[in-house]
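Below is one structure; the comments refer to it alone.
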Amino acid sequence: MRKKGQTLVEFLWAISLSGVIVLTVYTVFFQVMQAVSKVKVTSTLHHEAFQILEFLTRDLELAVFYHGEGGEFIGNPKEMSFIVPSGRGLKSVRYGLISVREEKIHQVVIGRHDGRNRQVTQIESQDPKSWVLTRSEKPFLQEGEIEERIISRWIHGAHFSFSYAQKKGYQVFWQDSWQENELPAGVRVQLSLFGGKEQVSLDKIILISAGFWKEAL
């Protein structure tokens, strides 16, 4: 009987030890999976940020002003539209922040791009909102369909501002809207992208070579 009692105690001890080991392994595994998921979300947000800057930089650096109806650069904190040249003539390009509840948009898969002069900073978010950043284009002064695509589905907030520079002293001034008869000297892009509790924020100034230089008074 004593031998059987010792065997039973050893059996219970082994079960307890196994339970502790299994619980420890599960905890470590769960923490690792959380870390992997966080890295994947952050990586996706960084890719989205790079992609947005790639599109905006390419279009704004090519922006031109057309001295005629519909050819002006129009911008406000949530959207902007302007004219860019293409191999088939001029086209009108528009960027806008749209609530997914306001409008249905067809998503287009966009490939990877290698950009330049891009800067992103990672911070945390606790209050995500569902917005999309869209880019649309259509032929300017010609008949043609509007092509619209989603640049990012991860937008938490966005703000565009526009600058002009004075030739005397090379001072730069910023404003939240643009309706001048010239191109702005630059556009400041401030965007926040979210995914769960992770957020990436970007703040980029894109200069326009044909932008507006104002004569000082």
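Computed from the coordinates by the stated procedures, all read-outs in this text should not be read as laboratory data. Please read all numbers here as calculations on a predicted model, not as lab measurements. Ideal geometry is used to build each Cβ from the backbone, glycine not excepted, and the neighbour counts take in all protein chains shown.
Using a simple spin-label model with pseudo-atoms 7 Å out from Cα toward Cβ, Val22 and Thr44 lie 3.2 nm apart. Label point of Glu79 set 7 angstrom out along Cα-Cβ; within the range 188-206, amide nitrogens under 20 Å from it belong to 188-192.
Applying 0.36 nm per residue to the separation of Ile205 and Val9 and subtracting their alpha-carbon distance, the gain on full extension is 63.4 nm.
Which net charge results when you count Lys and Arg as +1 and Asp and Glu as -1 among the other residues whose beta-carbon is under 9 Å from that of Phe73? Can you show the working numbers first?
Numbers: positive: none; negative: Glu72, Glu180, Glu182.
It works out to a net charge of -3.
Annotation for Glu61 and Glu147: the two label points, set 7 Å from Cα along the Cα-Cβ direction, are 2.0 nm apart. For the peptides 183-189, 139-145, 57-63, the ranking by mean Cβ contacts within 10 Å, running from highest to lowest, is 183-189, 57-63, 139-145. Going down the table (Lys91/Lys204; Lys38/Lys204; Lys138/Lys204; Lys78/Lys138; Lys40/Lys91; Lys78/Lys197), which pairs top 29 Å between alpha carbons? In this structure, Lys40/Lys91 lie more than 29 Å apart at Cα.
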